[in-house]
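J.: Structure in structure tokens, see below.
The values are calculated or read from the model by the stated rules, or taken from the named source; none is laboratory data. Treat the numbers as computed from the prediction; the structure is a model and nothing was measured. Note: ideal-geometry Cβ built from the backbone for every residue, glycine included; neighbour counts use all protein chains shown. The accessibility values were calculated without ligands, DNA or RNA, using every heavy atom of the protein model including side chains. Shrake-Rupley method; radii C 1.70, N 1.55, O 1.52, S 1.80 Å.
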Amino acid sequence: LEEVNFLANSCENLLECHFNDNKIIQANVINLKALKYLALQNNMLKFMPHIEFLSNLERLEMHYNSLTSMTTDFTNLRSLEHISLSYNKILTMKFDTLNKKSIKYFFLNGNPLNKQSIRNYKTFSKL
């Protein structure tokens with residue numbers, strides 16, 4: 001399995017999606033509006049799927065992929081409590097769009113973050 005594609009509205013009521021331990025390089029989940037849990041760990045993803053419209057998302061697990069940067073806008077993800085992006089190849093991360101009030105668990109260990117991203121993270125973690 002190399003691609004996950006939910007373009008049709010046939011899965012609009014799907015609450016959990018688990019595609020762990022595959023060779024997925026691309027995931028399109030934009031139409032999964034009711035989704036609460038997205039698990040895509042241990043794949044080959046280089047880019048974050050468009051999750052910014054998944055306003056019900058509570059848990060995102062994408063550890064052990066090949067993500068290199070996180071420029072996703074998390075502003076609309078007000079229900080997101082758990083983010084796991086550990087053991088990717090993330091150099092840069094936009095922490096300013098994370099909802100600091102809803103995030104309870106945030107895992108980013110095992111990534112080669114650059115110095116600026118680490119400074120931004122320290123600011124984020126103090127809030």
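J.: What distance in nm lies between label points placed 7 Å from Cα along the C-beta direction at Tyr37 and Lys100?
T.: That separation, rounded to one decimal, is 3.0 nm.
J.: Right, here's the next one. Just one of [x] 83; [y] 123; [z] 105 is volume of the Cα convex hull per residue in Å³ calculated from these coordinates, so which is it?
T.: Identified label for the calculated read-out: [x].
J.: For n ≥ 4 DSSP H runs only, could you compute -39500 (n - 2.57) per run for the chain, divide by its residues and tell me the 222 nm figure to the nearest 500?
T.: -2500 deg cm²/dmol
J.: I've got another one for you. I'd like the Karplus ³J(HN,Hα) series for the stretch 90-104: coefficients 6.51, -1.76, 1.60, θ = phi - 60°, whole numbers in Hz, and an x wherever there's a Gly or Pro.
T.: With the stated coefficients, the stretch 90-104 comes to 6, 9, 10, 9, 8, 7, 5, 9, 6, 7, 5, 7, 8, 5, 10 Hz.
J.: Something else: Under 5 Å between amide hydrogens, which residues at least 5 positions from Val4 or on another chain qualify, with H placed 1.01 Å from N in the peptide plane?
T.: So Val4 has HN proximity to Gln26, Ala27, Asn28.
J.: Would you mind working out the accessible area per residue for the chain, using a 1.4 Å probe, and quoting it in Å²?
T.: It amounts to 57 Å² per residue over the chain.
J.: Now for a different question. For the stretch 1-121, build the charge dipole from Cβ charges (+1 Lys, Arg; -1 Asp, Glu) around the Cα centre, then report which of Met62, Gln116, Asn28 sits farthest towards its positive end.
T.: Gln116
J.: Place a point 7 Å from the Cα of Lys46 along the Cα-to-Cβ direction; which residues of the stretch 57-92 have their backbone N under 12 Å from it?
T.: 66-69
J.: Can you send over the carbon and sulfur percentage of the accessible area for the chain, probe radius 1.4 Å, protein chains only?
T.: After summing per-atom areas, the C and S share lands at 51 percent.
J.: Charges at C-beta only: +1 for Lys and Arg, -1 for Asp and Glu. How large is the resulting dipole of the chain about its Cα centre, in Debye rounded to 20?
T.: The calculated dipole for the chain is roughly 720 debye.
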